[in-house]
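Computed from the coordinates by the stated procedures, all read-outs in this text should not be read as laboratory data. These numbers were taken from a predicted model, which means no experiment stands behind them. Heads up, the Cβs are rebuilt from the backbone with ideal geometry, glycines too, and the neighbour counts pull from every protein chain shown.
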Amino acid sequence: MSKTAPVVSLDDVSVHFEESTGLFDFRSEPDRVRAVDGVSLDIYSGDVVVLVGESGCGKTTLGRTAIGVQRPTAGSVTYRGQNIWDARENNGDVDIEFEKIRRSLQMVHQDPGSALNPNQKVIATLSAPLEKWHSDLSKEERHERVFELLDTVGVQPVEDYAFRYPHQLSGGEQQRIALIRSLLLNPDLVLGDEAVSALDVSLRVDMMDLMLDLRERFETSFLFISHDLANARYLAEKADGRIGIMYLGELVEIGPADQIIKQPKHPYTKVLKWATPSIHSDDDGRSIDTPVREIDIPDPVDPPAGCRFHTRCPVAREACTKEAPDLLDVAGSGQRTACFRQDSTHEYWNSPELDGTDDRIQQELISDGQYSFRIDLIFINRTASRACIVSRLARVLTHDRCVYHARNGSNND
């Protein structure tokens, strides 16, 4: 992975949305949802970055901003040094035309069925970008290129599948078509927004392997969005990539997969690990109840002052309510984390603990990181029936076993 210059760079990016108002809402100004706040991130050539977080944390908005689909409210997004929105609006000196940028930044959607034109056959869907951007290719050459890619991703026999409509394909086949379409123009960065979450658990590992194989073949970078830490770990570890943890619009921790999984520094990341049920032991050794102080996520319209996690953090102190921690390097780890606990000289250590916190939880949150885990277990619906909860846990554990055995090369028996 080259570190000379980033392919895409986000500098102090914020994205805010105005909430829609009703007919009888007479407020002078609508509320603003702070979807992303002050995030900086560099993505390099050949890089794999996986953004993980709860629903509504801003990870998808950040991903769409990175590829120039969503305009930032503040901050800048550049492609190889060229401001994307300056190029799009032809403002100032433009070194790279926006059409070149759009070809170089592609996306694989979560639901391939809705991303593919139901009225077009596969061959037409995949030939259209080649016809637009490579007009020098004949129809036969375009079709040959499509057949070659279909064969590469295992959609066979190609002469049959190329002339099918999307509804005649399975979910896995649709996703492979969507993946091919994103790579047709040899992009520099592909955004995979929950690209495997719509697939059966038995297909997810195969699809992740395929995406990583194509990444090497096309020499491209991937920015994955996921709510599932098992998938995030598999992708990032296999590609020697990074995992970024987002919470309420902010990037609270990022670093090499091995460090984030085995030695997380931010309390939120540790809570997510704590939420992991062991798939190889009846007793995971956890003696405490759910360590978050509040289950509900704060309102992104009016996020908490200071550290945004302090309302739920098990080790928060008064200093956390007054000042927001910066995302700083953790010495010797390659990680960056936004937490005062990483600074032994900060006033945090001398400030009073907040009600409901317990510093002993810090030890309970440390585990060996050998197992897969899933974010939303800790935020399980408290109104659901016991049968519903047990069923959900069973599905999660089945998925995590598949990922665990794939990662470790053992039989999934």
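Going by average Cβ neighbours within 10 Å, how do the peptides 320-329, 237-246, 84-93, 129-138 rank, with the highest at the top?
237-246, 320-329, 84-93, 129-138
If you add up the charges near ALA115, with Lys and Arg at +1 and Asp and Glu at -1, over every other residue whose beta carbon is less than 15 angstrom from its beta carbon, what do you get?
-1
Starting at the first residue of region 147-154, write each ³J(HN,Hα) from the Karplus equation 6.51 cos²θ - 1.76 cosθ + 1.60 with θ = phi - 60°, in whole Hz, x for Gly and Pro.
4, 4, 6, 4, 5, 4, 8, x
So which lysines pass the test for LYS139, namely a Cα distance under 17 Å, with those fewer than 8 places away in the same chain ruled out?
Filter leaves LYS121.
Let me know the charge dipole size of region 120-164 about its Cα centre in debye, to the nearest 20, where only the beta-carbon of Lys, Arg (+1) and Asp, Glu (-1) is charged.
Approximately 260 debye in magnitude.
Arrange the peptides 342-354, 165-177 so that the one whose residues have, on average, the most other Cβ atoms within 10 Å appears first.
165-177, 342-354
Cα centroid distance between region 92-111 and region 220-276, in Å?
26 Å
When we measure straight from the Cα of LYS100, which lysines land under 21 angstrom away, once same-chain ones fewer than 8 places off are left out?
Those lysines meeting the cut-off are LYS132.
If the viscosity is 0.692 mPa s and the temperature 37 °C, what translational diffusion coefficient in µm²/s does Stokes-Einstein give for region 69-205 when Rh comes from Kirkwood over Cα pairs?
200 µm²/s
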